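First comes the structure, then the notes that go with it.
What follows draws every value from the coordinates through simple rules; no lab data is involved. This is a predicted model, so every value here is computed, not measured. Counting neighbours? That spans all protein chains shown, and the Cβs are built from the backbone with ideal geometry, glycine included.
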């Protein structure tokens, strides 16, 4: 093996070993004209020959040329090519001017950068300018509508809450379909960090990262782009690159914004008198006496008004960046504070970042990226939790007062008094997170570099909950307390050897690398009941105490390689191969191989293209195929048979089997084919990117039913497959570009068709089996009794006879009636600038997605419950001839075993997600007070929504903790409407 490595090494080094028998040596340094920073990797070639080198980490080069004079060409991505006559010079220092147009086309790829013109993969860029100063706690939420093929939706309007992100559809059933997030080259924890069950709501781990620190986000979509990350890339990859310093004097930047938030919509329920009249009508229709003698005298309580508020949001960013010849630095700090529109909810973040690059000696560069974030969440029960404030506000009858005559909270059924749910809530989550990396990069020879890094992503989460005796949860136990401490420790060590060289018209970029990663998790939890009073809230004060601890770990070892080749910037190829071994699988299937290949053809470089009209610029065809993997469908020890310790009879300790092992488990794999077309028009004023893809996931890790004689209900096996097919289109246009006025627009649209192609057996999930997974149907398919109408003569509800036997049987006649996947989705951004004024607005849309308004099921109950009524109940059938979908208020029409499909609504929407008006102060004024730039602005977020959906928010999925459920609004908090004002100043 050592001999093979030596041969490979010598082969790669061979071009750089070429010397002329006679000649002289030219040396020098290449720097940036803008800030004087050294430029590593600049191509220095003797014009008309294949003789050339690349600059080292400190920007220096040394090249042997023939004795006769010639011309050196200096080429670097993002800078204008420069030619210098050698003459009699022996030292040639060059300062390159940046090419603003080309700089915009440099994209970050896995383990490198590349000019978009020669890119063969499908990926979308989101720049810092597009997301600057937007009022969002989490940067993943800022991707919404900005990248074709990336479907982003908020799980809830809870501050710091989880976000639903899908890149080209969901690629797993049991496992996660969330993309892999890589921050400055470090794969990070992206799962819900909370261990306390408060309902369907989740927390966003990406909220630990300050959006103002982000330089760019790249979304890698096809297998050619993602395969370099192998086992974790089946769901796409989001590369987050943070800002760094450069040579020059220190630059101080301050950004501040402050604003208010309000609920765009609140629960729409009937008032007190209407509630009593509807209950009376139901009783009479059921042949019973009306319970309310005088409904007109009933009080009318607005429960939602008592718990919603006008909430504040504020953000403060401060950064200092700069550098000298040997050191580049950026130091930043952030304070973000967002109150929730529900009283008692809040998210606060304090974070600090240091990015440092140091050149201690020639050919050596070392550096670090460090983030420390301390977050505090004041949380509430909500989102599919009957103990929350939203369930109470929706279900408490409007004829009930806030408080009882003795001053205590009014009580009703199983629901919590909404005011008590927000005022008495004492649920806190405190997160301390350290994300840091240390790297060293050494130039072994010209164009030959070795980079080694070690990174950690550690989080410490403390969650404390106390339900006092005024709350339903605490009343029965005389106080209920919970304290949970969770530790997540992740480390990753990587080594990457890269070689970049050119010969004649051929260009190669080759890298090989290794990765070792380990993740450890531990949890300690204590629960207490029977507290002496509500003044004592620590577990040690409880008369009844119990505790548990848990922990686990997993690891991955990887080998990977990539070669990028282009010939005359015309014929392009990229090849990736990655091998991953995971501890989650048995030793016979631990390793998985994930290859990809991509080809590109710049058609516009061909001679036959010359007769084409002048307005057609670059035209490039792309095609790729590759395989990526997923291990999240199983737990850390799913391949092994497990036993658990327990207290047996009479508290005698014992053990029992808890899981059947399956040593044959192997990786879920996703094979993806992508065909793309890139076109630039009108001197690159208009750029069009189009892609068609097919993703097929096989060997799904699913629980397959077993005979009951085995003693277990199921065994996890590789059984099942999924398919996603889609089209994506993005148009980026610089429509007007004059001295005083510019107009830029960015439009994208995507369509993804998801289908389950193989299952061992159909299965249902969620509340009342509302979702069904079945071959031939998409994920997130709704499973209902298909309501065909209401009989105009009798007011009786009507359903489809699915099995065709002539009778409707609720136990049989149920079918898939729709799904939560949109037919297409995307966004439109328009940016205008007139002299010192700028205006931008961003529209985000989704079409064809079915949204389940599950609140209606419980509040459009026809009097079968004593809950409050949704206003939709007012459209009920009352008299012969009425045309409606809401049946007559009788017990038979609202029986508990019926699941009418009318609660599934069209969730299509168009939303003005953001609008911003800004003004940049004149430089002539600022220079007098020592300010280099200053801008003030006003921004509106979630300003208005056009939709036929009758719920609070067509985007919500309040069941974010269940990956098999999407498109359900159930006691969910809507996203707030936000208005802020702010300024940015640089010194």
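If the chain linking residue 809 and residue 372 were pulled fully straight, counting 0.36 nm for each residue of separation and taking away their Cα-Cα distance, it would gain 151.4 nm. A straight line joining the Cα centroids of segment 123-139 and segment 578-630 runs 27 Å. Here the relative contact order of segment 106-242, from alpha carbon pairs under 8 Å that lie six or more residues apart, stands at 32 percent.
In summary, segment 225-363 shows an alpha-carbon radius of gyration equal to 2.03 times the 2.2 N^0.38 Å reference for compact globular proteins.
The length gained by stretching the chain between residue 683 and residue 89 to full extension, at 0.36 nm per residue less their Cα-Cα distance, is 210.0 nm. Note on the chain: Rg/Rh from C-alpha atoms, Kirkwood Rh, equals 1.00.
Take residue 265 and residue 801, extend 7 Å from each Cα along the Cα→Cβ direction, and tell me the distance between the two endpoints in nm. Those two pseudo-labels are separated by 3.7 nm. Rounded to the nearest 0.05, the FRET efficiency derived from the C-beta distance between residue 635 and residue 836 at R0 = 56 Å is 0.45. Packing here is the average count of other Cβ atoms within 10 Å per residue, and on that basis the peptides 230-241, 251-262, highest first, run 230-241, 251-262.
With the cut-off at under 17 Å, measuring from each backbone N in segment 470-512 to a point 7 Å along the Cα-to-Cβ line of residue 567 picks out 502-509. For the pair residue 326 and residue 535, the difference between a 0.36 nm per residue extended length and the Cα-Cα distance amounts to 69.4 nm. Where the alpha-carbon atoms of segment 83-197 are placed on the principal axes, they occupy 75, 31, 26 Å, in descending order.
Compared with the dominant principal axis of the Cα atoms in the chain, helix 2-13 is inclined by about 70°.
What is the Cα centroid distance between segment 238-280 and segment 195-223, reported in whole angstrom? Value for the Cα centre distance between the two parts: 16 Å.
The peptide list 482-493, 873-884, put in order of mean Cβ contacts within 10 Å with the highest first, becomes 482-493, 873-884. Percent of C-alpha pairs per 5 Å bin in segment 142-280, short distances first: 2, 7, 13, 17, 16, 12, 10, 8, 5, 4, 3, 2, 1, 0, 0, 0. Between residue 675 and residue 660, the simple label model (points 7 Å from Cα in the Cβ direction) yields a spacing of 4.4 nm. Rg of the Cα atoms in segment 783-939, relative to 2.2 N^0.38 Å, amounts to 1.74.
What FRET efficiency do you get for residue 706 and residue 548 if R0 is 41 Å and r is their Cβ-Cβ distance, rounded to the nearest 0.05?
Given R0 = 41 Å and the Cβ-Cβ separation, E is 0.90.
Hey, how many Å between the Cα centroid of segment 835-883 and the Cα centroid of segment 497-550? Segment 835-883 and segment 497-550 have Cα centres separated by 40 Å. For residue 34 and residue 767, the FRET efficiency from 1/(1 + (r/R0)^6), where r spans their Cβ atoms and R0 equals 60 Å, is about 0.55. Sorting 858-864, 209-215, 86-92 by their mean Cβ neighbour count within 10 Å, with the most densely packed peptide first, gives 209-215, 858-864, 86-92.
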